[in-house]
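Asker: The structure that follows is given in the form of structure tokens.
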Amino acid sequence: MSAQSETVRRLTVVDIAKLHTDGERIPMLTAYDMPTARLLDEAGIPLLLVGDSVGRVMLGYENEIPVSMADMLHHVKAVARGAKRALVIADMPFMSYATVDTALENAGRLLAEGGAQAVKLEGGVRSARTIETIVRAGIPVMGHIGLTPQAINAIGRVRVQGKTRDTARALLGDALAVQEAGAFAIVLELVPAQLAAAITERLRIPTIGIGAGAGCSGQVQVVTDLLGMEAWHPRHARPYADLRGTILAAASRYAADVAAGTFPGESETVRMDDGVLTEVLGRSSLDRPEPALKGIPLDRDL
Ligand code: KIV
């Protein structure tokens, strides 16, 4: 371990609160694996979310519903190993917080076994008691309101939430309930920009927006959208790289080089002493096969 990595201090929710009170906008990204987490950490991203979006973007599930605690623990462990400084937040998957008791047990597992420092769960008023219980156990919780993907079967389809008077009022109530339950931050997903800004102004805790405009205290993006890994990305995402193009080009060039016999080249090849091989193959008149190699045909016996 280098001297530099030994001195890295893990960020805590206290640091995140300070960023917020200092008026700094907080960047958060999802991460699902060790090397990406390590890079995002190196880039200075303070919050890494192991989202249940892992099901869609990494595991090929249709949506977030099939994501299990085992899936989450597997990816949370990898991210926690990769990121030394960022605060790692583990999403609580569908049904893992259906009762307060299961919520407490599963939140504890995501920290104790997974190595996360906080959990995130969906729902406002309906989840307030669960959030309160988990926070009381010493586990920091991030809330998540607006579009809540685990409720997709109840909502019908992915769409902006809170556009009408009643739904906007309900979202404001949800945000306050999550804050009063003790959450350290709250994700606002697919919420009209003006409503997200109004919620942000009324909360003490930071709001982290995704498709919720620039008036939030911070922003979160799904890392595969940020890196341009898919042909399609949601309207609210901005690809900062074209990894899809880079990966396609790299894989095609590699396949062409293998086909042409130009990979591996000299610099990618390991050689041995030709004399040793001559002896092994029994091409030298002085060579006697080792007793253990008796069954192996040597060139001179063929
Ligand atoms: O699972 C996820 O990636 C999320 C973010 C979109 C906030 O919940």
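Asker: Which value in Å does the Kirkwood hydrodynamic radius of the range 150-302 take, with 1/r averaged over all unlike C-alpha pairs and then inverted?
Answerer: This gives a value of 21.7 Å.
Asker: Let's test the formula: R0 of 22 Å, r as the Cβ-Cβ distance of residue 301 and residue 277. What FRET efficiency results, to the nearest 0.05?
Answerer: 0.85
Asker: Between residue 155 and residue 232, with labels modelled 7 Å along Cα→Cβ, what's the label distance in nm to one decimal, could you check?
Answerer: 1.6
Asker: Quick check for you: with a 1.4 Å probe and neighbouring chains kept, what is the accessible area per residue of the chain, in Å²?
Answerer: Here the per-residue accessible area is 55 Å².
Asker: Quick check on the range 58-154: take the gyration tensor over C-alpha atoms, sort the square-rooted eigenvalues as a ≥ b ≥ c, and tell me if it's rounded (a/c under 1.5), prolate or oblate.
Answerer: oblate
Asker: Between 183, 250, 86, where does the largest GNM mean-square fluctuation fall for the chain, given springs only between Cα atoms within less than 10 Å?
Answerer: Its mean-square fluctuation being the largest, the pick is 250.
Asker: Next question. Quick one: if you stick a label point 7 Å off each Cα along the C-beta vector at residue 247 and residue 105, how many nm between them?
Answerer: Going from the residue 247 label point to the residue 105 one covers 3.6 nm.
Asker: Which log10 I(q)/I(0) values does the chain give at q = 0.08, 0.09, 0.16 Å⁻¹ under the Debye formula, counting every alpha carbon as one identical point scatterer?
Answerer: Scattering profile of the chain, log10 relative to I(0): -0.45, -0.53, -1.30.
Asker: Roughly speaking, what is the centre-to-centre gap between the range 133-186 and the range 9-35 when only Cα atoms are used, to the nearest Å?
Answerer: That distance is 20 Å.
Asker: If the elastic network links every pair of Cα atoms under 10 Å, which of 274, 174, 52 fluctuates the most in the Gaussian network model of the chain?
Answerer: Ranking 274, 174, 52 by mean-square fluctuation puts 274 first.
Asker: Test of understanding: in a Gaussian network model of the chain with alpha carbons linked when under 10 Å, which of 195, 110, 281 would top the mean-square fluctuation ranking?
Answerer: 281
Asker: How about the range 177-275: which chymotrypsin sites (Phe, Trp or Tyr not before Pro) there are in a DSSP loop, with at most 12 other Cβ atoms within 10 Å of their Cβ?
Answerer: 232, 240
Asker: What distance in nm separates the simple spin-label points at residue 202 and residue 180, each placed 7 Å from Cα in the Cβ direction?
Answerer: It works out to 1.2 nm between the two label points.
Asker: Not counting ligands, DNA or RNA, and with a 1.4 Å probe, what is residue 18's accessible surface area in Å² rounded to the nearest 10?
Answerer: 120
Asker: Round to a whole number: what % of the accessible area of the range 168-237 belongs to carbon and sulfur, probe 1.4 Å?
Answerer: Details: 1630 of 2830 Å².
The nonpolar share, carbon plus sulfur, comes to 58 percent.
Asker: Relative to the Cα centre, what is the charge dipole magnitude of the chain, using +1 at the beta carbon of each Lys and Arg, -1 at the beta carbon of each Asp and Glu, and rounding to the nearest 20 debye?
Answerer: 1120
Asker: Any chance you could check the Cα centroid distance between the range 196-213 and the range 265-282 for me, in angstrom?
Answerer: Answer, in whole Å: 65.
Asker: Related question: Give me the accessible area of residue 284, 1.4 Å probe, in Å² rounded to the nearest 10.
Answerer: 30
Asker: Based on the alpha-carbon gyration tensor of the range 1-88 and its eigenvalue square roots a ≥ b ≥ c, which shape applies: rounded if a/c is under 1.5, prolate if not and a/b is larger than b/c, or oblate? Kindly include the intermediate steps, with their values, before the conclusion.
Answerer: Details: a/c = 2.50, a/b = 1.50, b/c = 1.67.
Oblate, because a/c is 1.5 or more while a/b does not exceed b/c.
Asker: Then there's this: Let me know the shape class of the range 104-240, please: from the alpha-carbon gyration tensor, a ≥ b ≥ c as square roots of the eigenvalues, rounded when a/c is under 1.5, otherwise prolate if a/b is greater than b/c, or oblate. Please report the intermediate quantities before stating the final value.
Answerer: Numbers: a/c = 1.67, a/b = 1.18, b/c = 1.41.
Oblate is the answer for the range 104-240, as a/c is 1.5 or above yet b/c matches or exceeds a/b.
Asker: A further question follows. Place a point 7 Å from the Cα of residue 126 along the Cα-to-Cβ direction; which residues of the range 174-203 have their backbone N under 20 Å from it?
Answerer: In the range 174-203, the label zone of residue 126 (backbone N under 20 Å from the point 7 Å along Cα→Cβ) covers 174-183, 186-192.
Asker: Oh, and also: Relative contact order for the chain using alpha-carbon pairs under 8 Å, separation at least 6, rounded to a whole percent?
Answerer: Relative contact order for the chain comes out at 13 percent.
The values are calculated or read from the model by the stated rules, or taken from the named source; none is laboratory data. Treat the numbers as computed from the prediction; the structure is a model and nothing was measured. Note that we place each Cβ from the backbone using ideal geometry, even for glycine, and neighbour counts take in every protein chain shown. Quick note on the areas: whole protein, heavy atoms, side chains included, nothing else; ligands and nucleic acids left out. Shrake-Rupley method; radii C 1.70, N 1.55, O 1.52, S 1.80 Å.
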